[in-house]
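Written out below as structure tokens is the structure these notes cover.
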Amino acid sequence: MPPSANMSNPGLQLSKKIIIGSLIILPVVLFLLSLTLGRYQLGPFGVVRVLLSPLFTDLANDIPEVAQRLILRVRLPRILAALLVGASYGATGTALQAIFKNPLVDSNILGVTTGAGFGAALALLWMGSQWQVQISAFVFGLVAVSLAFLGSRLYKTTPLLVLTLMGILVGSLFSSLTSLLKYVADPLDTLPSITFWLLGSLTSITWGRMLPLMIFTIGGLVFLWLIRWRLNILSLGDDEAKSLGVDPTTMKIVIIVCTTLMTAAAVSVSGVIGWVGLVIPHAGRLIVGPDHKHLLPVTIGLGASFLILVDDVARTLLPGEIPLGVLTGLIGVPILMVLLRRSRTGW
Amino acid sequence: MKIVKSIILLFVILGVSLTACSTIITQQEVESTEDVQQPPFLTETRQDESPQTNLPKFTITAENQLQPALTMLFQSFYPDETPVFVEQGGDIIATSELEIAGEHPDVPAAFLPGGYLIPQSDSGAMFDFISFAVSEEGEKVLIDKGILPASVTLTDQAGKTVEINQPIERVISTYGPSTSFIYSVNAQNRLVAASYLGARDPFGAAMMEKIDPRFKDLIGDEYFSQELFSVEQSATLEPDLIITSARTSWLETATELGFPIVLYEAETPERLEEAMRITGQLFGPRAIAYADTWITYYNHIIETISKQTASIPEEDRPQVLFTGTEPLKVASGEMYQTSIIEFAGGISASSQMGGYWQEVNLEQIALWDPDVIIVPPYGGASVEAITESAEWQILDAVQEGQVYRMPKLVVPWDTPAPDSVLGIVWLAQLLNPETISLNCADEAEYFYNTFYNYEITEEEIATICKYE
């Protein structure tokens, strides 16, 4: 077992475990509660009966079929998607902040979100089906990160700094390309679709689109969970990592590949949702400190809870939808300001 | 131990929240579609006429294949009575052969696709029967008895084949032009929510409310539009059909609820006619008759103008520039506006451009040197933005005051909607006043009376059929 910062203090350890445990359970509770929320009124018992109806056939016979389909095929996948996307952003943000040793890093550091945005705009302009948009966004997210990565190989100086720079450059490149697409798009229908997509929304989630999200997110989360103690070592610096028997370069590449796949899968279904990957790791650090052994599970739980709540607001506050990216910005920025002011912990 | 604690905590939270929420017990508002088997006036009519014992109320002269349907309609309108069919000289003639023709054709009273009722006398009972036969109730009777099909299968404008149960009684239209199609086939009473074209400004909204008193309840721009579809709200409305544009971004989620969806994309005159035909098919025989009448009228207008301007050589036709919501955005050759200009006997200055509204600079416009500039009646576009701008004075058209705003009553006359037929007439009169015999005021009166069932007043006509 790797050394842990708080091993010597069993009392602290116990209270931390309770906090961590409740933060992992919180998204599950919010998930169940959110299922009863919506403009279509169907009381909590109705929702529970509909949820159990695939197991007990006669349970929901008196509930209109529309309501059953609404719960099982629209609300359920959507809230599950909010949970997964939030968890994914929370975890990738934490992991990337650790390996870049930089608290301003979020999931988009290597341009994956911007690349995905360009891919989606491209598909919305020339193809149009939701599937094509999702695949195109995913592929261009990976293309953007690959470009940043290949670009950084051209230089032999401090690789992380160059990689960060390349990420910013590739991000700018793709955001210019997206602007170009928006300029040529028809202002009456394609342009609003592109704008709406770039602001992020979980409106168009269906079970069919969930599979890639579930595979990459759950796979990625399990992987990050298993290697979470190595994040501590990597955040110490390359020399320390080497002396502790971890190959920092390989490890970093593996983590970048993992977070890129996770982010691309999330962005391709949800559109661009900013701030979660930046705010949640800071909030997590404030609660449990910088030890990734605890920090990673906490940011997963916090991220999932945060996005479920924000999505609840987005889909119920107004008759129409509020773009998620707008809400996470409006809620996330003040939170981050407060956190940064209060934060006395290291990163 | 901690896990057990956590689980207990979870259950406590769940339990508290469920009890709190349990007071909100669902009350599904199922709007009872009033099952009017017989219209209210029926009882009066029957009391008046029943003392006259065995005399038939009216006689019908009908082709043999139409008689079963008529008998069913008659017996459901007057239970316990049988219709009297005569070989010749009936009060009503029922025929399958009727040509919709003439300058201002009436919409035939169609009770079947290819089954029309023509009144021959002025008996009140007869007119009551005819209006029953062509109504939604009449349609339901014929569907129940298996004479009209219980579902229609059609290919929508995205090329998708859909099967839709009949009759359609609750429809959501999330696309402005398709809402105008529904109004024009007189099926607006089947709408439960709609997105409207041209009804966002106060004048358009007030006008739309005059046309349809239900407008305020129906307009649902905050729930439904091309970009936006509130799945939850649609579920509460329980529609049996959703109509929208082929270029909507939310189709998959709406499909999950299992409602049938019909997609429209009418950017050319041919597609517009097809859209009207599809709308007719969706809403039954009477709607088909409306669609056919509109198509006949549309083609009649186009042919009339085409004949009257045929002698004008290509190079003498006026060059028309159609600008968009901003003066420097112009209509491309692929847009419906170009077809309107060509039908009206003009030439679109910007027809070689592709795509949608295209941004150009003033030099390009000076090079085109249009004779007439048209601005649309939406999106804040105004004639003054051009005439009061110093740069635009370089154009002869601006110097001569040849800048006009396309009119609208509610739906802008330049959009691919039924109302665009008036845009063609209006523009034709402007471009070729000597050669065109058509008159915007006459056509607007016929159009709104016929296709919107709205008795348009002379003052209203005066506000739309004008050039400024």
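The numbers here are math on the coordinates, done by the rules we state, and not lab data. Everything numeric in this text was worked out from a predicted model, so none of it was measured. Here Cβ is always computed from backbone atoms with ideal geometry, including for glycine, and neighbour counts include all displayed protein chains.
Of note:
- Choice from A:Leu55, A:Leu221, A:Leu32 showing the highest fluctuation, given a GNM over chain A with Cα pairs closer than 10 Å: A:Leu55
- Relative intensity of region B:180-265 on a log10 scale, I(q)/I(0) at q = 0.20 Å⁻¹, equals -0.99, per a Debye sum over C-alpha point scatterers of equal strength in the absence of solvent.
- Along chain A, counting only trypsin sites (Lys or Arg not before Pro) with a DSSP assignment other than H, G, I, E or B and at most 10 other Cβ atoms inside a 10 Å radius, the longest segment between sites is A:157-343.
- In a simple Cβ point-charge model (Lys, Arg +1; Asp, Glu -1; nothing else charged), region A:78-342 has a dipole of about 420 debye relative to its Cα centre.
- Whichever aspartates and glutamates have a C-alpha closer than 14 Å to that of B:Lys329, once near sequence neighbours (fewer than 8 apart) are set aside: A:Asp186, B:Glu359, B:Glu363
- Most fluctuating residue given options A:Leu52, A:Leu296, A:Leu213, as computed from a GNM of chain A linking Cα atoms under 10 Å: A:Leu52
- Local electrostatic count, B:Thr338, Cβ distance below 11 Å [Lys/Arg +1, Asp/Glu -1]: -4
- In this label model, B:Thr457 and B:Phe127 are separated by 2.5 nm, measuring between points 7 Å along each Cα→Cβ vector.
- Size descriptors for region A:234-333 (Cα atoms only): Rg and Dmax, in that order, 16.7, 58 Å.
- Taking a ≥ b ≥ c as the square roots of the eigenvalues of the Cα gyration tensor, an a/c ratio of 1.5 or more together with a/b no larger than b/c marks region A:151-260 as oblate.
- One equal scatterer on each Cα of the protein assembly as shown, no solvent, Debye formula: the resulting log10 I(q)/I(0) at q = 0.08 Å⁻¹ is -0.83.
- Placing +1 on the Cβ of every Lys and Arg and -1 on the Cβ of every Asp and Glu, with nothing else charged, gives the protein assembly as shown a dipole about its Cα centre of roughly 7340 debye.
- Cα lying deepest toward the dipole's positive end in chain B, options B:Asn432, B:Gly124, B:Ile168, charges on Cβ: B:Ile168
- Relative contact order %, chain B, counting alpha carbon pairs below 8 Å whose residues are six or more apart: 12 percent
- Temperature 20 °C, viscosity 1.002 mPa s: under these conditions the Stokes-Einstein estimate for chain A, based on its Kirkwood radius over C-alpha pairs, is 102 µm² per second.
- Shape class of region B:311-464 from the alpha-carbon gyration tensor: prolate, with a/c at 1.5 or above and a/b greater than b/c.
- Rg and Dmax of region B:43-144, based on Cα coordinates, read 13.6, 44 Å.
- Choice from A:Gly325, A:Gly303, A:Gly21 with maximal GNM fluctuation in chain A (Cα, 10 Å cutoff): A:Gly21
- Within chain B, the selection of entire DSSP H helices by a Cα span of 18 Å or greater along the long axis and an average Kyte-Doolittle value of at least 1.6 returns B:2-21.
- With neighbour counts taken as other beta-carbon atoms within 10 Å, the residues A:Trp197, A:Trp229 rank, fewest first, as A:Trp229, A:Trp197.
- Alpha carbon centroid spacing (whole Å) that separates region A:99-150 from region B:125-174: 48 Å
- Theoretical ellipticity at 222 nm over chain B - DSSP helices of four or more residues, -39500 (n - 2.57) apiece, nearest 500: -11500 deg cm²/dmol
- Using a cutoff of 8 angstrom between alpha carbon atoms and counting only pairs six or more residues apart, the relative contact order for region B:192-273 works out to 24 percent.
- In summary, the lysines within cross-link reach of B:Lys145, defined as a Cα separation below 25 angstrom excluding same-chain residues under 8 places away, comprise B:Lys57.
- Cα shape, chain B, gyration tensor, a/c 1.5 rule: oblate
- Candidate aspartates and glutamates for bridging to A:Lys101, where Cα separation is under 18 Å - those fewer than 8 sequence places away on the same chain excluded: A:Asp238, A:Asp239, A:Glu240, A:Asp247, A:Asp291
- Taking N as its residue count, the alpha carbon Rg of region B:307-394 over 2.2 N^0.38 Å: 1.07
- Kyte-Doolittle mean at least -1.0 and Cα axial length at least 27 Å: DSSP H helices in chain A: A:10-35, A:76-100, A:130-153, A:159-184, A:207-226, A:248-270, A:292-316
- Convex hull per residue volume in Å³, alpha carbons only, for region B:151-296: 108 Å³
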